[in-house]
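Undergrad: So that we are looking at the same thing, I have put the structure below in structure tokens.
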Amino acid sequence: MNSDPKLERIAKGNALALCATGTWTASFAPVLERMVADAEKLAGGQQSIFIDVSEVAKLDTFGAWLIERLRRSLTQGAVEAQIAGLSANYSSLVDEVRRVRATAVVDGGTVTITGMLEQIGRAVAGVGGTVAGLVDMLGAVLAAGFRVLIHPRSFRLTSTVHHMEQVCWRAVPIIVLITFLIGCIIAQQGIFHFRRFGADIFVVDMLGVLVLREIGVLLVAIMVAGRSGSAYTAELGSMKMREEIDALRTMGFDPIEVLVLPRMMALVLALPILAFLGAMAALYGGGLVAWLYGGVEPEAFLLRLRDAISIDHFIVGIVKAPVMAAVIGIVACVEGLAVQGSAESLGQHTTASVVKGIFFVIVMDGVFAIFFASIGM
């Protein structure tokens with residue numbers, strides 16, 4: 001039998017009958033593409049359509065897909081093209097190709113109102129899915145926490161201490177450095193503008209209230225979301241890709257209790273500590289700039305700071321920290337466990353973890369601001 005592929009039309013009454021012969025493999029791709037494209041133009045008005053492949057000598061995935069593409073192209077309304085003469089050796093291959101759904105070609109150049117509304121709807125549905133995932137993870141973490149309270153021996157202290165070192169101890173240098181610089185910048189800009197009104201000393205009030213209530217904890221939370229949140233997502237995502245999480249379930253372990261709960265505990269304990277150290281570094285940087293740039297003596301700075309702030313300012317900032325830490329941890333773990341089996345998916349979810357973490361941190365800061373204002377703090 002000649003190995004060259006052929007696709008011929010044969011007479012069969014009112015039906016359209018095509019006979020495929022020869023070798024239908026990727027090595028004959030240009031010839032096969034032309035033959036199939038010409039055959040697709042034959043559709044129209046036939047009562048039945050048959051594609052006879054009994055004389056096909058060799059068939060690979062490329063050839064099977066072309067036959068399936070031809071069948072789909074010739075199918076019109078109630079008239080469905082049939083593939084006949086398929087050998088047992090190739091039937092599974094054609095059936096597998098048939099399961100592949102054709103994707104519609106998206107015209108990126110045309111913008112319609114319907115398309116815009118569809119995108120808005122998908123975005124809103126995505127937000128709802130994100131919130132549902134976060135609530136689900138929160139419930140799973142709380143359930144795991146209750147199980148640990150009932151059976152304290154199941155708590156993974158070693159893992160928690162390890163993550164505390166990664167999240168807290170190793171983050172201290174960069175947190176202190178950044179908050180120190182932010183404190184310096186706030187003080188310098190405040191003095192520069194207040195000096196026009198002869199109110200240099202009021203920069204101490206601004207610095208103390210701003211750092212302790214807002215900037216200190218918010219800036220630290222954003223840095224933790226970028227540093228530790230992305231690390232959590234990458235770690236869990238890598239484990240998901242290597243099927244280590246499935247292995248834990250197979251061995252009878254709860255991934256939430258083994259992987260998520262220690263990370264959450266470490267983050268909730270670490271962020272208040274980092275927020276305190278960051279606030280102290282920012283106040284120190286602001287005081288240094290006030291002394292060297294504004295001429296405010298350290299003694300005068302401390303006396304003014306004592307009169308400007310109260311314990312309420314400190315409490316407002318510290319209370320926010322564990323809640324923001326929980327939000328960052330939940331977002332990071334949800335995104336990590338949502339990673340699929342590709343490096344692209346890992347990168348997308350790591351990026352989404354940082355973006356969503358920072359977004360929810362800012363939202364929570366606004367909610368806290370309204371709450372504390374309503375209770376007079």
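The values are calculated or read from the model by the stated rules, or taken from the named source; none is laboratory data. Note that the structure is predicted; figures quoted are calculated from it, not measured. Counting neighbours? That spans all protein chains shown, and the Cβs are built from the backbone with ideal geometry, glycine included. To get the accessible areas, we keep the full protein, side chains included, count just its heavy atoms, and leave off ligands, DNA and RNA. Shrake-Rupley method; radii C 1.70, N 1.55, O 1.52, S 1.80 Å.
Undergrad: For the range 151-182, state which trypsin sites (Lys or Arg not before Pro) are in a DSSP loop and have at most 16 other beta carbons lying within 10 Å of their beta carbon.
TA: R156
Undergrad: Relative contact order, percent, of the chain when contacts are C-alpha pairs under 8 Å separated by at least 6 residues? Show your work: numbers first, answer last.
TA: Values: 484 pairs, mean separation 62.4, N = 377.
For the chain, the relative contact order is 17 percent.
Undergrad: In terms of the Cα gyration tensor, with a ≥ b ≥ c the square roots of its eigenvalues, is the range 218-269 rounded because a/c is under 1.5, prolate because a/b exceeds b/c, or oblate?
TA: Values: a/c = 5.78, a/b = 1.91, b/c = 3.02.
It is oblate, given that a/c is not under 1.5 and a/b is not larger than b/c.
Undergrad: Which percent of the accessible heavy-atom area of the chain goes to carbon and sulfur, probe 1.4 angstrom?
TA: 65 percent
Undergrad: Which one of G63, G347, G208 has the biggest mean-square fluctuation once the chain is modelled by GNM with Cα springs under 10 Å?
TA: G63
Undergrad: Also: Run the count for the chain, please: Lys pairs, Cα-Cα under 19 angstrom, 8 or more apart or on different chains. Present the calculation step by step, with values, prior to reporting the outcome.
TA: Values: K6/K41; K6/K58; K12/K41; K320/K356.
Total qualifying Lys-Lys pairs in the chain comes to 4.
Undergrad: Going by average Cβ density within 10 Å per residue, which order do the peptides 364-376, 312-324, 334-346 take, highest to lowest?
TA: 312-324, 334-346, 364-376
Undergrad: Okay, next question. If each DSSP helix of 4+ residues adds -39,500 (n - 2.57) and the sum is divided by the residues in the chain, what number results at 222 nm, nearest 500 deg cm²/dmol?
TA: It lands at -22000 deg cm²/dmol.
Undergrad: Ranking request for peptides 133-141, 246-254: highest mean number of other beta-carbon atoms within 10 Å first, then the rest in descending order.
TA: 133-141, 246-254
Undergrad: Further question: Give me the accessible area per residue for the chain, probe 1.4 Å, as a whole number in Å². Walk me through the numbers on the way to the answer.
TA: Details: 20440 Å² over 377 residues.
Computed with neighbouring chains in place, this is 54 Å² per residue.
Undergrad: Have a look at the range 272-317 and give its Rg and Dmax from the Cα atoms, expressed in angstrom.
TA: 11.6, 32
Undergrad: If you don't mind, there's one more thing I want to ask. Can you give the direction-averaged projected area of the convex hull of the alpha-carbon atoms in the range 127-373, in nm²?
TA: Average projection, Cα convex hull of the range 127-373: 15.3 nm².
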